[in-house]
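Take a look at the structure set out below.
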Amino acid sequence: MPAGGHANGDPASDYLYARPLFYSFETQMSPQALDAVVTTLERSRRAGYPIRAALIERRRDLGLVRSLWGHPSMYVRFLDQEIRFRYRGPVLVVMPAGIGFTRADADPQAERGALSTVHVATGRDGLAATAILAVARLAARSGHPNVPAAIMRQHSAGHRTVWLVVAGGLAALVAAGSAAVVVRRRPL
């Protein structure tokens with residue numbers, strides 16, 4: 001669970017000015033999914049494309065700006081304004097209603113275009129899988145490809161659920177317009 005305060009009523013901004021990921025205090029996502037997002041964000045940073053991401057599962061995750069629920073593009077612009085005093089790079093928001101992206105340091109249009117075919121996956125770890133795919137797509141588009149982390153979860157019956165973010169192979173990750181899909185396989 002994230003740690004920190006709620007100084008301005010918008011929990012994500014209290015985290016993202018200093019940390020790369022915000023997720024719900026009451027998250028339903030698996031720890032493995034959250035670890036995979038953190039790993040992907042770290043790989044992206046090391047590859048030269050630092051980015052902040054907020055995974056907004058429910059309306060109350062927005063604190064006092066709940067009116068922005070269901071409007072990821074509007075919320076990401078609000079969030080960017082809130083954290084700009086400490087962070088001026090790319091910001092990604094993933095909500096069940098869609099993806100929002102902006103950046104204070106450059107025109108975000110080309111990167112938004114790269115996200116136009118990324119759709120929010122459903123299920124317990126859908127927001128995490130979507131964020132992983134989006135970060136990989138954005139980093140590749142900006143000339144900083146990296147290998148996204150897979151989400152693996154062990155079940156008590158010995159089966160594993162694996163969310164793989166496939167970007168058409170590693171070579172295609174280098175290409176800005178690479179096709180990408182989220183694949184869910186069961187059982188292994």
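Need pairs with beta-carbon distance below 7 Å; first residue within 16 Å of ILE56 (Cβ to Cβ) and within the range 112-125, second hydroxyl-bearing (Ser, Thr, Tyr) and surrounded by fewer than 19 Cβ atoms within 10 Å (Cβ to Cβ); sequence gap 6+ or separate chains.
Sorted first by the residue in the range 112-125, then by its partner, the pairs are ARG124/SER30; ASP125/SER30.
Just name the residue that is surrounded by the fewest Cβ atoms within 10 Å (Cβ to Cβ) out of those in the range 20-59 that are farther than 14 Å from ASP125 by Cβ and without any contact (Cβ under 8 Å) to a residue 24 or more places away in the chain.
Only one residue fits best here, namely ARG59.
Select from the range 85-111 the residues that are part of a helix (DSSP H, G or I) and either buried (at least 16 other Cβ atoms within 10 Å of the Cβ) or in contact with a Leu (Cβ under 8 Å, 6 or more places away or on another chain) (or both) and list them in ascending order.
Passing the criteria: only GLU111.
I'm told ALA114 meets every condition in (1) assigned to a loop (DSSP other than H, G, I, E, B); (2) surrounded by 16 or more Cβ atoms within 10 Å (Cβ to Cβ) except one. Can you identify the failing condition by its number?
All conditions pass for ALA114, except number (1).
Tell me which of these PRO145 doesn't satisfy, since it passes every other one: (1) surrounded by fewer than 22 Cβ atoms within 10 Å (Cβ to Cβ); (2) at pLDDT below 95.
(1)
The values are calculated or read from the model by the stated rules, or taken from the named source; none is laboratory data. Computed from a prediction, not measured in an experiment: that's the story for all the values here. Using ideal geometry, Cβ is built from the backbone for each residue, glycine included, and neighbour counts are taken over all protein chains shown.
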